[in-house]
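Before any comments, here is the structure.
The values are calculated or read from the model by the stated rules, or taken from the named source; none is laboratory data. On a predicted model such as this, the values are computed, not experimentally measured, just so you know. Because the Cβ atoms are built from the backbone with ideal geometry, glycine has one as well, and the counts that use them run over all protein chains shown. Keep in mind that these areas ignore ligands, DNA and RNA; they rest on the heavy atoms of the full protein, side chains included. Shrake-Rupley method; radii C 1.70, N 1.55, O 1.52, S 1.80 Å.
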Amino acid sequence: ETNFKALFHRGNCYRQIKNYEKSIEDLEAACKISEDAPAQNNLGLSYFENQDFEELVEVQKAIELDPSKATYYNNKALALYHREEYKDSLAEYNKALSLDINDAKTLFNRGNTYLALREIENAHRDFDRAIDIMPGNPKFYHSKGLAYEDTKQYEQAITMFKKALEVSPDHIPSLYHLGLMQHKNDKLPEALESLTNVLKEIG
């Protein structure tokens, strides 16, 4: 048991400092010692954060060991999203939300999947719910802005990107898209200012 805990926690430490090779090595060793849902889930996360979205089996194993955790379904859905398997991704997000209807991050992730499928109304609904639950996350406003951008509703998109920047002034994606939308909306001085600020921030 001591060996398992040491490997599990060291593997998670390696994941947090982005040393994914060592994280995977430790967590795989931990999973060989004990069938443990959190260890399987964290092993899957190490693969995903290393941009290896083919390793669904690890999170699926976590689900089989503990089907009551909404976060495991969310993690599986996110991997499927990155594989562009959007319908399968939606099914897993729905399972996660059936266990925790008020998980803002899962709502946000499902909204992005709806956006990828161009189901814009559904995307807006999920982004709005996520914002209501967790209004301090700039990514939620940003994705809602992208949904407006997708349908060429430039004024509404500008409003959302500005809200994202109110929450986090250094959120570069929102500053960049704000400049794009200002350009599209013929607000050229504002677009120049926004895009110049992007270049200042990224160097």
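Each residue of segment 86-93 is assigned a 3J(HN,Hα), and the resulting list reads 5, 5, 5, 4, 4, 4, 6, 4 Hz, derived from the Karplus form 6.51 cos²θ - 1.76 cosθ + 1.60 (θ = phi - 60°), x at Gly and Pro. If the segment from Cys13 to Glu193 were pulled out straight at 0.36 nm per residue, it would be longer than the present Cα-Cα gap by 60.7 nm. The length gained on full extension between Val167 and Ile133, counted as 0.36 nm times the residue separation minus their Cα-Cα distance, comes to 10.8 nm.
Applied to segment 16-29, the Karplus parametrisation 6.51 cos²θ - 1.76 cosθ + 1.60 on θ = phi - 60° returns per-residue 3J(HN,Hα) values of 5, 9, 6, 9, 6, 4, 6, 4, 4, 4, 5, 5, 5, 5 Hz, with x for Gly and Pro.
Determine the sum of side-chain charges near Lys184: Lys and Arg each +1, Asp and Glu each -1, restricted to other residues whose C-beta is under 12 angstrom from that of Lys184. That sum, taken over residues with Cβ under 12 Å, equals -2.
Working out 0.36 nm times the residue gap between Asn94 and Ile202, then minus their Cα-Cα distance, what length gain in nm do you get to one decimal?
Numbers: separation 108, 0.36 × 108 = 38.88 nm, distance 3.71 nm.
Length gained, Asn94 through Ile202: 35.2 nm.
The trypsin sites (Lys or Arg not before Pro) of segment 1-35 that meet both conditions, a loop assignment by DSSP and at most 15 other Cβ atoms within 10 Å of the site Cβ, are Lys18.
Send over a whole-number figure in Å² for the accessible area per residue of segment 29-129, probe 1.4 Å. All intermediate terms of the calculation are to be shown ahead of the outcome.
Numbers: 4730 Å² over 101 residues.
For segment 29-129, the solvent-accessible area averages 47 Å² per residue.
Accessible surface comparison of Arg83, Arg125, Arg118, Arg110, probe 1.4 Å, protein chains only, largest first: the order is Arg118, Arg125, Arg83, Arg110.
Under Stokes-Einstein, with the Kirkwood radius over Cα pairs as Rh, the value for the chain at 37 °C and 0.692 mPa s is 178 µm²/s. Remark: for residue pairs Lys22/Lys144; Lys18/Lys95; Lys95/Lys200; Lys95/Lys163; Lys61/Lys152, the C-alpha separation exceeds 32 Å in Lys22/Lys144; Lys95/Lys200; Lys61/Lys152. In order along segment 49-60, the Karplus-derived 3J(HN,Hα) couplings, from 6.51 cos²θ - 1.76 cosθ + 1.60 at θ = phi - 60°, round to 5, 8, 6, 9, 8, 7, 7, 6, 4, 5, 6, 4 Hz, and Gly and Pro are given as x. For a modelled paramagnetic label at Gln60, 7 Å from Cα along Cα-to-Cβ, the residues of segment 88-117 in reach, with backbone nitrogen under 16 Å, are 88-93.
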